[in-house]
1. So for region 58-128, Kirkwood radius off the Cα pairs, Stokes-Einstein at 20 °C and 1.002 mPa s: how many µm² s⁻¹?
2. Using only protein heavy atoms and a 1.4 Å probe, report how much of Ile58 is accessible, in Å² to the nearest 10.
3. When the Cα centres of region 50-99 and region 25-44 are compared, how far apart do they sit, in Å?
4. Using only Cα atoms and rounding to the nearest 10 degrees, what angle (0 to 90) does helix 96-115 make with the longest principal axis of the chain?
5. For Val93, enumerate residues with amide H under 5 Å from its amide H, sequence gap 5+ or separate chain, H modeled in the peptide plane.
6. Return the FRET efficiency for the residue pair Ile79, Thr2: r is the Cβ-Cβ distance, R0 is 35 Å, and the value is rounded to the nearest 0.05.
7. Could you report the chain's accessible area per residue, 1.4 Å probe, as an integer in Å²?
8. Read phi for every residue in region 14-21 and hand back ³J(HN,Hα) as whole Hz from Karplus 6.51 cos²θ - 1.76 cosθ + 1.60, θ = phi - 60°, with x for Gly and Pro.
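The values are calculated or read from the model by the stated rules, or taken from the named source; none is laboratory data. Every value quoted in this text rests on a predicted model; they were computed, and no experiment measured them. Here the Cβ is made from the backbone with ideal geometry for all residues, glycine too, and neighbour counts use every protein chain on show. Heavy atoms of the whole protein, side chains included, go into the accessibility calculation; ligands, DNA and RNA do not. Shrake-Rupley method; radii C 1.70, N 1.55, O 1.52, S 1.80 Å.
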Amino acid sequence: MTYALWIVQGLLALLFLFTGGIKLVLPLEVLTEQAPLLPGLFVRFLGVAEVLGAIGLILPGLLGIRAGLTPLAACGLVIIMTGATVLTLAGVVPGGVALALIPLVVGLLSAFVAYGRWRLAPHRIRRK
């Protein structure tokens with residue numbers, strides 16, 4: 001189970017680093033083209049939250065410091081993906097029902113990491 005969680009955490013971290021980084025680098029006009037009802041600064045905030053969530057998925061377990069932050073980071077990413085799914089289904093973000101499956105699956109994978117690191121296979125803290 002630990003190996004499966006690490007694989008999912010790594011893939012999610014790469015995904016959220018990429019999407020969050022894009023939201024931080026692109027100009028605000030480009031960010032609001034696709035979803036004009038979302039304010040540009042809110043999209044920037046989501047980018048920061050995604051990057052921090054990606055870091056929170058990997059670093060605590062890797063460094064063995066504050067391992068309880070990993071399930072919290074995953075829970076935060078579940079909240080972001082729930083919002084993305086709802087906005088896609090509501091039509092605020094174009095794409096329809098088929099495109100809403102992507103944030104739904106990513107949110108479910110984040111929930112798997114949150115539950116797995118909280119209950120099934122918590123990080124082992126190395127004692128010196």
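1. Numbers: Rh = 13.1 Å.
For the chosen part, D equals 163 µm²/s.
2. Here the residue's solvent-accessible area equals roughly 40 Å².
3. The two parts, judged by their Cα centres, are 19 Å apart.
4. Its long axis makes an angle of about 20 degrees.
5. Distant-sequence amide H within range of Val93: Thr88.
6. On the way: r = 25 Å, r/R0 = 0.71.
Result of the calculation: an efficiency of 0.90.
7. Numbers: 7880 Å² over 128 residues.
On a per-residue basis, the chain sits at 62 Å².
8. Whole-Hz 3J(HN,Hα) from phi for region 14-21: 4, 4, 6, 5, 5, 5, x, x.
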